[in-house]
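Below: one structure, written as structure tokens.
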Amino acid sequence: MMTRERVGTEIGLMTGRIKQSLLNGRDNLATAGTAVSEKTRRAARRTDYYVHDNAWKMMGIAAGLALAVGFVLSQVNERKVVVEEGVPVDSDGNPKPKKKRGSFELVHAVIPLALFAWKAFQSSRCERRTVA
């Protein structure tokens, strides 16, 4: 049989081990969090430098992705409109040709892109003048 003193001592030792393991776990978690945040900061800094050094390339990639996503979304939207409106379809399930889009719609789509490109060009020229 164990005496009360011995049981108390065993409980005290177990409590000490549990507290120590919790403190060790907290320290390990803090060091892991610091390491992850430092790696994230470094990656963000590298990305920022890369984007600043290759601004035109990044704008081209962003414009290309926007164009591709816009095209896909317009195709999906057009198919939904065809199904909803009951527009006649051919044997492949594609809508029969409708009237062509006018030049106004083309100009209306191109003007914002042209303005964006002009503004980006002007801002890059200003940065070059201040650096040189």
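Some notes on this structure:
- Contact map, the range 97-123: residues that are under 17 Å from residue 55 (Cα atoms) and surrounded by 10 or more Cβ atoms within 10 Å (Cβ to Cβ) paired with residues that are at pLDDT 75 or above and not β-branched (Val, Ile, Thr), Cβ distance under 6 Å, separation 6+ or inter-chain. Pairs shown: 120/59.
- Test: residue in the range 58-65 that is within 30 Å of residue 124 (Cα to Cα), β-branched (Val, Ile, Thr), modelled with pLDDT of 90 or more and surrounded by 10 or more Cβ atoms within 10 Å (Cβ to Cβ): no
- Meets criteria (in contact with a helix residue (DSSP H, G or I) (Cβ under 9 Å, 6 or more places away or on another chain) and among the β-branched types (Val, Ile, Thr)) for residue 36: no
The values are calculated or read from the model by the stated rules, or taken from the named source; none is laboratory data. Keep in mind that this is a model prediction, so the values were computed, not measured. We place every Cβ from the backbone using ideal geometry, glycine too, and count neighbours over all the protein chains shown.
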